[in-house]
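The values are calculated or read from the model by the stated rules, or taken from the named source; none is laboratory data. Note that the structure is a prediction, hence the values are computed from the model and not measured. For neighbour counting, all protein chains shown are included, and Cβ atoms are generated from backbone atoms with ideal geometry for every residue, glycine included. For the accessible areas, the whole protein counts, side chains as well, though only heavy atoms, and no ligand, DNA or RNA atoms are used. Shrake-Rupley method; radii C 1.70, N 1.55, O 1.52, S 1.80 Å.
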Amino acid sequence: MVKHWWKILAVLILLYTIFAGILVPLKPGILEVYPITGETGQSINLKVTGYNSHYLDAQQKPRVWLKYDSVFAISASEVNLINNTRLDARFNLPNNVPGGKEVTELSLIIHNDIDGPSLLPSAIFLKQTENASANSWQSDIISNLPLKEGIQFPYRSNLQESIRNLYYHVPMWFAMMIILLIAAIYSFLYLRKKEDKYDHLASSYSAVGLVLGILGLVTGMIWAKYTWGRAWSWDVKQNVSAISLLIYFAYFILRSSIDDDASKKRLASVYNIYAFIALVPLLFVIPRLSDSLHPGNGGNPAMGGEDLDNTMRLVFYPAVIGWILFSAWIANLFSRIKSIREKLDIKKYEISS
Amino acid sequence: MNTLSTNLMIKKIVLTGLAQLVLISSILAQADTDFLRSTGKIYTVVAVLALIFIGIVFFLIYLERKVSKIEKEIGNE
């Protein structure tokens, strides 16, 4: 029992991440508005649908703005509350689009004392028309937006609840990297010491790493379908991770194509070390050199700002540790089976000869 | 010879399993119904968790077959 502590820890951590990752609510947000277009000088009534919001329960009537940039905005002339997640906001749209553009996008901001601020980027399109009206932009009217306290995950309008996939999709890749690193270290140890158990460990860890990679790719495709619009959009990170999986498929093809046991293990070890070294620039350098749909690429530092706030860190980092320990457990089990298999084969060979 | 053919069979089973995994996911991903988009896209999280579980189960089946082969051989001696 004592030596199994890390397996128990792995299961407890994963249970925590599943429960915390699913049950912690999202911050209030704005689901949609209707209509989504408006003309300059027009008076429009926006039907706003909120998410996890408390428009009626709030002490303070929600304040609603349409925002062009950090200076220009307009506040709603009239706000009607229908229920906690529905409100109508009337706007007298200004008579010009700033910067002389024909069409521009405006963001919607709502604030009340229970929900804190919520934002819908590109909520409506404002079209320039010839309209003689006296409405104009107000400047610097959005102020005093105290944030909401408490443990809640951020609301992003394109992700919504699927932001929780961060705790299940991304740890697959983190765990894969660590498990494949361990596999490469065991391959190195095999080359140094020529003990069979190191080869069993290396191939088992590689197999588990490959399974994690496949799961990471497939879960990513589901997530991408419902946030980026397509399961496979030839994003640079999708491409390089597919290539790195192919490199590890080749490792197993190499292993099964050599009959001589000693040279199989030696060659496979060398290839495994090479494969891991190839993985580092593929997964960590190339995605940062070009634009990607993944956050933290195209020159940006990963894992920062709104993409991973402090509340999410409380679940995300344990999830990474939990998956590493859990995968190491499975890999160890696999390698023990391989060791028994080989001992049995040697015994059979000795009996027959 | 017998071990070799069983080995091949296991490999076939695992490979078809993985192919099915990809197939299921592509069906889930291509379904035009808005089910996975409903209630704040929470069902994408359910789908992801279910897939990870299915992946682990396939790996367990693979290990299970390896162990039962060893058991059979030890029993035969």
- Angle, helix A:170-193 long axis vs. longest principal axis of chain A, Cα atoms, 0 to 90°, nearest 10? 20 degrees
- Task: Find out how many positive minus negative residues lie around A:SER263, taking Lys and Arg as positive, Asp and Glu as negative, among other residues whose Cβ is under 13 Å from that of A:SER263.
- Result: +1
- Message: Can you list residues from other chains, or at least 5 along the same chain, whose modelled amide H is less than 5 Å from the amide H of A:ALA123?
- Response: A:LEU106, A:SER107, A:LEU108
- Message: With θ taken as phi - 60° and the coefficients 6.51, -1.76 and 1.60, list the Karplus ³J(HN,Hα) couplings across the range A:8-13 in order, rounded to whole Hz; mark glycine and proline as x.
- Response: 4, 4, 4, 5, 4, 4
- Do you know the relative contact order of the range A:24-81, to the nearest whole percent, from alpha carbon pairs under 8 angstrom that are 6+ apart? 27 percent
- Message: Averaged across A:159-165, how many Cβ atoms of other chains sit within 10 Å of each residue's Cβ atom?
- Response: 6
- Task: Quick one: work out the % antiparallel among DSSP beta bridges in the protein assembly as shown, nearest 5.
- Result: 90 percent
- Can you give the mean number of other chain Cβ atoms that lie within 10 Å of the Cβ atoms in peptide A:220-228? 6
- Residue-by-residue Karplus 3J(HN,Hα) for the range A:332-341, coefficients 6.51, -1.76, 1.60, Hz, glycine and proline x: 4, 4, 4, 5, 5, 4, 5, 5, 5, 3
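Tell me the mean residue ellipticity at 222 nm calculated for the protein assembly as shown from its helices only (DSSP H runs of n ≥ 4, each -39500 (n - 2.57), averaged over every residue, nearest 500). Present the calculation step by step, with values, prior to reporting the outcome.
Working: 9 runs with 232 residues, N = 430.
Per the formula, -19000 deg cm²/dmol.
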- Message: At a threshold of 8 angstrom on Cα-Cα distance, excluding pairs fewer than six apart, so keeping six or more, what relative contact order does chain A reach in percent?
- Response: 18 percent
- Task: Calculate one ³J(HN,Hα) per residue across the range A:205-214 by plugging θ = phi - 60° into the Karplus curve 6.51 cos²θ - 1.76 cosθ + 1.60, and present them in order as whole Hz with x for glycine and proline.
- Result: 5, 5, 4, 5, x, 5, 4, 4, x, 4
- If amide H atoms are modeled at 1.01 Å from N in the peptide plane, then the residues at a separation of 5 or more from A:GLU39, or on another chain, having amide H under 5 Å from its own are A:LYS127
- Message: Averaged over its residues, how many other protein chain Cβ atoms are within 10 Å of peptide B:53-63's Cβ atoms?
- Response: 3
- Task: Please tell me which of these pairs span more than 29 angstrom C-alpha to C-alpha: A:LYS193/A:LYS338; A:LYS265/A:LYS347; A:LYS237/A:LYS338?
- Result: A:LYS237/A:LYS338
- List the residues whose amide H sits under 5 Å from the amide H of A:ILE30, counting only those 5 or more places along or on another chain, with H placed 1.01 Å from N in the peptide plane. A:TYR51, A:LEU119
- Packing-wise, with mean Cβ within 10 Å as the measure, how do A:148-161, A:107-120 rank, highest first? A:107-120, A:148-161
- Note on the structure: Buried accessible surface, B vs A, both sides, probe 1.4 Å, in Å² to 100, equals 3200 Å²
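Given an 8 Å cut-off on Cα distances and at least 6 residues of separation, report the relative contact order of the range A:213-353 as a percent. Before the final figure, lay out each step's value.
Values: 72 pairs, mean separation 23.2, N = 141.
Computed over the range A:213-353, the figure is 16 percent.
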